[in-house]
Amino acid sequence: MSELIKVLVVDDHALIREAWVSLLSTAPGIQVVAKTDNADDAYNLSIQYRPDVVLMDINLKGSNGFDAAERIYNSLPKTRIIGLTLHDEINYVKKFLSIGGKGYLTKNINREELIAAVHAVYNGETYIASEIKDRYFASLLHLDNEENKKEVTLKEIEVIKLIAKGLTSKEIADQLFLSPRTVETHRHNILKKLDFSNAAQLTGWAKEKGYL
């Protein structure tokens, strides 16, 4: 019998977490060794079980999934980490891969793609969800320059979320530990980049993208 692929599942939504566990537990060649809902436990369980693959939501409550993934990668470079998220922005994909991630999946995937991704990264491949794969590789080849101009940074996304909630620049600055002037600069750059004229348009865009 071939060796099982040991998987750790990290998601702060219980229903989603249990769904991933259920799907993977019935897949041939895969063993779910642990599950958790937070970044600290994800790290500690990774050290304890040394999983082959970590399936991690990058939007964990109270923490940054990117930081959690990077921490695991730095301690266990042989562990393959797959980011799992609602966000399909190419900047997110590039950021996650740059800190050691080996796969990036959206929550629109089906069981077959989830299992395929686990096997692919275990075998040393990098796996990008099929619905965003073409855009990702096109960005690497500079074939989508117009789209790239509209890609917002992770920091800008944080600012957008707070703008959409109606916070002032001073309130946003306090939450993100920035100066009000820096927040105003972000506001200007975001509106210019997305070709919007006001916060109402930005809020509508944020809702469409699933940021709210």
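Here, each number is a calculation from the coordinates, and none is a lab measurement. Just so we're clear, the structure is a prediction, and the values are computed from it rather than from any experiment. Here the Cβ is made from the backbone with ideal geometry for all residues, glycine too, and neighbour counts use every protein chain on show.
Worth pointing out:
- Count Lys and Arg as plus one, Asp and Glu as minus one, and take only other residues whose Cβ is under 13 Å from that of Arg80; the net charge is then +2.
- Remark: the Leu4-Asp40 segment gains 10.4 nm on full extension, using 0.36 nm per residue and subtracting the alpha carbon distance.
- With a simple spin-label model that places each label point 7 Å from the Cα along the Cα-to-Cβ direction, the separation between Ala14 and Leu86 comes to 2.0 nm.
- Across the chain, the longest piece that holds none of the GluC sites (Glu not before Pro) lying in DSSP loops with up to 14 other C-beta atoms within 10 Å covers 4-124.
- Available extension along the chain between Ile109 and Ala200 is 29.6 nm, counting 0.36 nm per residue and deducting the alpha carbon span.
- Kirkwood radius and radius of gyration were both taken over the C-alpha atoms of segment 152-209, and their ratio Rg/Rh is 0.92.
- Residue-averaged 222 nm ellipticity for the chain, from DSSP H runs of 4+ at -39500 (n - 2.57), nearest 500: -16500 deg cm²/dmol
- Exposed trypsin sites (Lys or Arg not before Pro) absent - longest run of the chain, DSSP non-H/G/I/E/B, at most 14 other C-beta within 10 Å: 79-149
- Near-label residues of segment 93-114 by backbone N, under 20 Å of a point 7 Å along Cα→Cβ of Asn74: 94-103
- Among Ala200, Ala42, Ala120, the largest mean-square fluctuation in a Gaussian network model of the chain (Cα springs under 10 Å) belongs to Ala200.
- Angle between the chain longest axis and helix 14-25 axis [Cα atoms, degrees, rounded to 10]: 40
- Distance from the C-alpha centroid of segment 61-124 to that of segment 154-192: 27 Å, rounded to the whole angstrom.
- Whether segment 1-62 is rounded, prolate or oblate, judged on the alpha carbon gyration tensor where a/c under 1.5 counts as rounded: oblate
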